[in-house]
Amino acid sequence: MDRVDLKRAQISEALGDVWSWGCEDRLLIGRVMTTAPSCIPPETTALELIGLFHAKRFRHLLVTDQQNRLVGIISDRDVIRCLGPEKTPKRSSLAQITAAEIMSTDLVTVRPDTPLNRAAALMIDEGISCLPVLADGVLVGIVTNTDLHVVLQILLETIRQSFSEESAVVAASSSQN
């Protein structure tokens, strides 16, 4: 099972629980986040970052210090900025630029008990595409746009199936009359 299929299974289970409990407003980040996110040290070079982004097919990497505390976040766009039109980078210059130099440090984070709808609104309002998840100051996960897209896909599929089932019931009732 690939990463997206695992994410679909995780979110389907969380949504199933929410619907069976009858409390849709309690779909929490902790149920849909990616646990054990990929972290890098601040001294990781831009050249190494490019390799990691290609190998892992992620768009975000979290930067942690030696005590495993979150100190920044790097997106693939941060690395692309190193390749701007006014710059003509060489492999050697990319090996000189570190994550600490290009990471974002004005971090917006959430807790595992944050409702998903609140986190989605926060991402939209802040114009960000991921949220590190902290519990008591410790990094425990990450929620990305991809996670929200999977939730949307599953919700839309559930609605489609519900309408199909309703149509079948209506059609059966009509044919019996």
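Each reported figure results from applying straightforward, stated rules to the coordinates on display, with no laboratory input. Being a predicted model, the structure only gives us computed values, none of them experimental. Every residue, glycine among them, receives a Cβ derived from its backbone with ideal geometry; neighbour counts consider all protein chains shown.
Quick notes on this one:
- Between Ala55 and Arg26, the FRET efficiency from the beta-carbon distance, with R0 = 45 Å, is close to 0.80.
- Scalar couplings 3J(HN,Hα) for the range 56-73, obtained by applying the Karplus form with A = 6.51, B = -1.76, C = 1.60 to θ = phi - 60°, are 8, 6, 9, 10, 9, 10, 8, 9, 10, 8, 5, 8, 6, 8, 5, 10, x, 9 Hz; x denotes Gly and Pro.
- Highest average packing first - 42-48, 66-72, Cβ atoms within 10 Å: 42-48, 66-72
- The residues neighbouring Ser75, those whose beta-carbon lies less than 10 Å from its own, together hold a net charge of +1 under the Lys/Arg +1, Asp/Glu -1 convention.
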